[in-house]
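The values are calculated or read from the model by the stated rules, or taken from the named source; none is laboratory data. Note that the coordinates shown come from a computational prediction; the quantities given were computed from them, not determined experimentally. Heads up, the Cβs are rebuilt from the backbone with ideal geometry, glycines too, and the neighbour counts pull from every protein chain shown.
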Amino acid sequence: MSEPNYAGNIIVILANLPEFLRTPILKKRMLEFFSMSESDKREIINNALEAGPTIPFPNFSKLFKTWLEVLTTITEEQRGLMFSKYIDEIGSAPQKLINFNLDGIFEIFLSLDSSKKEILTNSINRIISNLDENRKKKIFLIIPENAKKHLGF
C-alpha cells in the first residue's frame, strides 16, 4: 500500500491515550464510520487489521476493550454492520488475523461485565448464523476453541 495508513496511525494514537480521552474519541470515530462509503469502510477495516498487531499488546488490549465497550452503546443495527464488515473482511482473507493474539483478545472480551458480553455475543451469533456455510467454515477455522464454546458454536 503506497498511501499513508491514516486510520492505522489514528488507531496507534488512540491506543496510547488515557481512557477518559480514548472512549469519546473512539466513539466519535466509530459513529463516523456509518456515514462513510463502502470503499472507505473497507479501507478503515483493512487499516485497523493491519495496524492492530503492530501495537504493543498492553496498549492494544486497552484500545480493544474500549472498542468493545463502545460497541455495546450503539444500536444493534450499527453493531451488526460493524461486526459484519469485519467478519466479511476476515472471511475473505483469514490470514489477516495470523499476527493477532486471538487468545488474548478473547480474554479481553471475557473481562467485560456480563451484560456487555451478552450484547456482543448475541450480535456475533446472529451475524455468524446468517453466513453461508463456506464463510462459516472459514471463520470457524480461525476462532479459538474457547471462544467458539463461549459463543455456543
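Residues in the range 97-135 that are basic (Lys, Arg), modelled with pLDDT under 95 and under 14 Å from GLY152 (Cα atoms): ARG126 only.
Residues in the range 43-58 that are buried (at least 17 other Cβ atoms within 10 Å of the Cβ) and hydrophobic (A, V, I, L, M, F, W, C): ILE44, ILE45, ALA48, LEU49, ALA51, ILE55.
Tell me, please, whether a residue that is buried (at least 16 other Cβ atoms within 10 Å of the Cβ) and over 19 Å from ASN16 (Cβ atoms) can be found in the range 35-42. Break it down stepwise before answering.
Here is the first cut: in the range 35-42, the residues buried (at least 16 other Cβ atoms within 10 Å of the Cβ) are 41.
Those left that are additionally over 19 Å from ASN16 (Cβ atoms): 41.
Checked against the condition, which is being buried (at least 16 other Cβ atoms within 10 Å of the Cβ) and over 19 Å from ASN16 (Cβ atoms), the range 35-42 yields at least one hit.
Is the range 20-39 home to any residue that is under 24 Å from ASP103 (Cα atoms), of a type in the set (D, E, K, R) and at pLDDT below 90? Can you show your working first?
Step one: of the range 20-39, the residues under 24 Å from ASP103 (Cα atoms) are 22-23, 26.
Pick out the ones that are also of a type in the set (D, E, K, R) and you get 22.
Still in the list and also at pLDDT below 90: none.
No, because not a single residue in the range 20-39 is under 24 Å from ASP103 (Cα atoms), of a type in the set (D, E, K, R) and at pLDDT below 90.
Going by the structure shown, is SER61 at pLDDT 90 or above, buried (at least 16 other Cβ atoms within 10 Å of the Cβ) and of a type in the set (S, T, N, Q)? Working first, answer last.
Working: at pLDDT 90 or above: yes; buried (at least 16 other Cβ atoms within 10 Å of the Cβ): yes; of a type in the set (S, T, N, Q): yes.
Against the criterion (at pLDDT 90 or above, buried (at least 16 other Cβ atoms within 10 Å of the Cβ) and of a type in the set (S, T, N, Q)), SER61 qualifies.
If only residues of the range 2-19 that are modelled with pLDDT of 65 or more and in a loop (DSSP other than H, G, I, E, B) are counted, the one that is farthest from ILE55 (Cα to Cα) is PRO18.
Among the residues of the range 143-153, write down those that are free of Cβ contacts under 8 Å to residues at least 12 places away in the same chain and outside any helix (DSSP H, G or I). Residues satisfying the conditions do not exist here.
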